[in-house]
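Accompanying notes for the structure given below.
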Amino acid sequence: MRVVGIAGSPRREGNSTTLLETALEVAREQGHTTKSFVARRMKVQPCIACEGCKRGPKCVVDDDMHDIYAAMARADTLVVATPIYYYAASGWLKAVVDRTYGLLDRESRPRIAPGKKLYVITAQEESDRADGAVVVRQLERAFAWLGMEPAGSIIATGLDEAGAVLERPDLLQAARELITNGPSG
């Protein structure tokens, strides 16, 4: 299995990134190939709504998003992780998600094979899981356009500082089980 992870946190050791890296580490231990991207470190411009991707074979904006497109095309599984910022995904991840529009042809059919599994990880300070659930649902709907199938999520709450997840064995275990066992909450 080929697994692609996209980290939406600006923090190198942020809680959502730590959960993502834990899930990818287990996938590697099980013999799967992994590739990860840190959205903040990439040059990914927001979608400019030019519809160039509909007139040609790909998005016309020449930036690092094309590396993500190629990895997503080869992947069997995608794992996206984001902190919850003002009740939404981070701006870095949002730019990547918006640009996946370039993977749809002029009839809005995916240019990548359907049936890939999608996992979503969110991390937030507030205890209300509904905040993270909204973002999980938004990401599931966005990637459904590409024929991806929701396969599980982690909504991590009560994480007030970078690294706080390291004190939460329940969340670290959920990340270890995410890709191999499906939904873990």
Task: Search result, residues across segment 80-93 that are closer than 13 Å to ALA39 by Cβ and in contact (Cβ under 8 Å) with a residue 40 or more places away in the chain - done: VAL80, ALA81, THR82, PRO83, ALA89, SER90, TRP92, LEU93
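Conditions (1) over 20 Å from ALA23 (Cα atoms); (2) surrounded by fewer than 19 Cβ atoms within 10 Å (Cβ to Cβ), marked per residue:
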residue	(1), (2)
LYS54	yes, yes
CYS59	yes, no
ASP64	yes, yes
THR77	no, no
ALA81	no, no
ALA88	yes, yes
VAL97	yes, no
TYR101	yes, yes
Task: Criterion (within 19 Å of ALA175 (Cα to Cα), of a type in the set (D, E, K, R) and in contact (Cβ under 8 Å) with a residue 40 or more places away in the chain) met by exactly one of LYS117, LYS54 - done: LYS117
- [ ] Could you figure out which of (1) farther than 23 Å from HIS32 by Cβ; (2) in contact with a helix residue (DSSP H, G or I) (Cβ under 8 Å, 6 or more places away or on another chain) isn't true of GLU107?
- [x] (2)
Task: Failed condition for GLU126, given (1) touching a residue at least 40 places away in the same chain (Cβ under 8 Å); (2) under 16 Å from the mean Cα position of the chain (by Cα); (3) farther than 22 Å from ARG12 by Cβ - done: (2)
Task: Filter result (in contact with a strand residue (DSSP E or B) (Cβ under 7 Å, 6 or more places away or on another chain), at pLDDT below 95 and either closer than 19 Å to GLY14 by Cβ or not hydroxyl-bearing (Ser, Thr, Tyr) (or both)) within segment 149-184 - done: ILE179, GLY182, PRO183
Open item on the list: Out of TYR69, TYR119, I need the residue that is closer than 23 Å to ILE179 by Cβ and either out of contact with any Pro (no Cβ under 9 Å at 6 or more places or on another chain) or among the acidic types (Asp, Glu) (or both). Which one?
Closed with: TYR69
TODO: Restricting attention to segment 4-16, report how many residues are under 12 Å from VAL120 (Cβ atoms) and either outside any loop (DSSP other than H, G, I, E, B) or more than 14 Å from the chain's Cα centre (by Cα) (or both).
DONE: 3
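Yes/no per residue for (1) surrounded by fewer than 18 Cβ atoms within 10 Å (Cβ to Cβ); (2) in contact with a Leu (Cβ under 7 Å, 6 or more places away or on another chain); (3) over 28 Å from ALA113 (Cα atoms); (4) basic (Lys, Arg):
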site: ASP131; (1), (2), (3), (4): no, no, yes, no
site: ARG141; (1), (2), (3), (4): yes, no, no, yes
site: TRP145; (1), (2), (3), (4): yes, yes, no, no
site: PRO169; (1), (2), (3), (4): yes, no, yes, no
site: ALA175; (1), (2), (3), (4): no, yes, no, no
Open item on the list: Condition first: β-branched (Val, Ile, Thr) and either assigned to a strand (DSSP E or B) or in contact (Cβ under 8 Å) with a residue 60 or more places away in the chain (or both). Now tell me which residues in segment 139-168 satisfy that.
Closed with: ILE154, ILE155, VAL165
Open item on the list: Cβ-Cβ distance below 6 Å, separation of 6 or more or different chains: which pairs start in segment 1-23 with a residue that is under 13 Å from GLY163 (Cα atoms) and end on one that is part of a loop (DSSP other than H, G, I, E, B) and modelled with pLDDT of 95 or more?
Closed with: ASN15/LEU159; SER16/SER9; THR17/SER9
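The values are calculated or read from the model by the stated rules, or taken from the named source; none is laboratory data. Not measured: the values here are computed from a predicted model. Glycine gets a Cβ as well: all are built from the backbone with ideal geometry, and neighbour counts include every protein chain shown.
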